[in-house]
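See structure below.
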Amino acid sequence: MGKVLGALLCILLLGACSKEAKAPAGTNGTDQETEATSTELEIKLPEEETVESKSQEPIEPFPEEETEPEGSEYKWEKKAIIGTDIHYLSRDLTDGGSRFQYMVEHGDGKVVSYVEQITDAFLEEVIQEKPDMLILSGDLTLDGEKKSHEELAGKLYRVEEAGIPVLVIPGNHDINNRHAAQYQGEERFPAEFTTPEEFREIYKDFGYDEAVSEDQASLSYVYEVDDYNCLLMLDTCQYRQKALVGGAIMTSTYEWIEAELENAWDNGMNVIPVAHHNLLDESEIYVEDCTIEHGEQLVEILEGWGVPFFLSGHLHVQHTKRSEEDRGIWEMVTSSLSTPACQYGNLVYRDDGSFSYWTQSVDVEGWAREHNRTEEDLLEFNKFKEPFLRKVFYNQSYDKLQIISGLTREQLDRMSELYSELNYHYYQGTAYRIREKTLEDPDYQLWIGDGSFTVLTDYVEYIISDAKRDYNQVSGD
């Protein structure tokens, strides 16, 4: 895919991109953006003990216990629930008027109109399922509004009070975001955004104050789940001057990561790394803005220490990938909680090194009935959510295609309907189900006929090429 493709899709779905490296949290600067050199992000490993030499040692990522619990084939087993890209918006920041509704219907598919209800239903489901931890991997708010952060944090205390630790990290929308806004009638006004120091203070009870180690250059930290497991919560966002879309890790943070991995190794602990941005090139379309800049160095380090998997979000598309086809680290990218199918990730991992990951949709309908809600969209949410997202994708396509001369209104409609269905399944991680049907569809030939239909043509062809399997489940050993 060309540079024009990446840039246009960046504008369409994610926003502006940058290659700026991250500065320490709380550092103030001007709005002039600087570009990091490749030498700033190179990792120099000690000569006497390189990653390569460590990777050649026999790796036992899970420690052994002396006795095995009766009736279990494992000595221990842990479960985490992963929610990401909630994009919560405080109810005090919108009146639901025309400007807000246009943003929702012509956005990127987030059900912002019901994000509070989806969030409440999700948190109640977490409490009912009683996992060992709840992980929220960034983009907690719509655009970093301080009011939204404070309101969401207030809701998270319910989960903590149920005895379930909540661990958060920021996403690219959460800190120093100048797009923080409130919506009134036909107008959109600025809202107070959130600084790095305020983010840590708001979420201090959800990982930061319990951390056994914090990186001094970012909002990364280590949380010990128990004597055998710890979470490496990585802040990969760039917000020194203002929030940027792409992810990067500073050299000093890499040094901190190495030290923490070595410490975990010495103490026989299993490490679960979590970040907002992607470790691997999960999508050829979104590489520049979704994959951590120079992320191959992080892959090398993690694999050198025998880390089996990596959790992330940001893409909004449900996807999984391994660094090499039949070996290497797995990455599980959980789709946005606020974007249909409004789902979250489940991860079970065990002392023998095996793990299972699968997704599950929030039962909004059940929550609505239990709480005596009267909104039809909530009571029949399963009927509402797919048409909602498909309408958003239809609008995306139609808005772009109508500027191309030579297409009739009927052709615009048919092409946009096909794009809507295909992109819907891509977001669900199930495009493989309609791949053959799409290839045989005459409207697909309209898309690829002369190859001149801008960036969306390449996007459609990429979805088809990536439609290989169900990306909603992974098992490893």
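Summary table below
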read-out: Within-12-Å neighbourhood charge of K321 [Cβ basis; K, R +1; D, E -1]; value: -4
read-out: Compactness of region 397-446 - radius of gyration and Dmax, Cα, Å; value: 11.6, 33
read-out: Mean separation of Cα contacts under 8 Å, 6 or more apart, over the residue count of region 191-273: relative contact order %; value: 24
read-out: Rg/Rg_globular for region 299-356, with Rg_globular taken as 2.2 N^0.38 Å and Rg from C-alpha atoms; value: 1.23
read-out: Whole-number D in µm²/s for region 270-319 (Stokes-Einstein; Kirkwood sum over Cα pairs; 10 °C, 1.306 mPa s); value: 141
read-out: Directionally averaged projected area (convex hull, Cα atoms, region 337-477), nm²; value: 11.1
read-out: Region 360-385-region 218-297 distance, computed between alpha-carbon centres (Å); value: 35
read-out: 3J(HN,Hα) from dihedral phi, region 465-475, Karplus parametrisation 6.51/-1.76/1.60, rounded to Hz, x for glycine, proline; value: 5, 8, 6, 9, 6, 7, 8, 9, 8, 8, 10
read-out: Equivalent ellipsoid, region 62-199 (semi-axes from 5 times Cα gyration tensor eigenvalues, Å); value: 36, 15, 12
read-out: Cβ-based net charge around R369, under 11 Å, with every Lys or Arg adding one and every Asp or Glu removing one; value: -3
read-out: Percent carbon-and-sulfur accessible area, region 85-205, ignoring ligands, DNA and RNA, probe 1.4 Å; value: 46
read-out: Cα-derived Rg to Rh of region 255-404, Kirkwood definition; value: 1.08
read-out: Listed peptides 289-295, 127-133, 253-259 by packing density, highest first (mean Cβ within 10 Å); value: 289-295, 253-259, 127-133
read-out: Beta bridges per DSSP with both ends in region 90-249, % antiparallel, nearest 5; value: 70
read-out: Inter-label distance, nm, simple model (7 Å from Cα along the C-beta direction), N372/E284; value: 5.5
read-out: Accessible area (Å², 1.4 Å probe, nearest 10) - R369; value: 140
read-out: Region 213-309: proportion of alpha-carbon pairs further apart than 19 angstrom, %; value: 40
read-out: Contact order relative to length of region 367-477, as percent, for alpha carbon pairs under 8 angstrom and 6 or more apart; value: 24
read-out: Enclosed volume per residue, in Å³, of the convex hull spanned by Cα atoms of region 154-255; value: 120
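The values are calculated or read from the model by the stated rules, or taken from the named source; none is laboratory data. Bear in mind the structure is a predicted one, so any value in this text is a computation, not a measurement. Glycine also receives a Cβ, built like all others from the backbone with ideal geometry; neighbour counts cover every protein chain displayed. Just the protein is used for accessible areas: all its heavy atoms, side chains included, with ligands, DNA and RNA removed. Shrake-Rupley method; radii C 1.70, N 1.55, O 1.52, S 1.80 Å.
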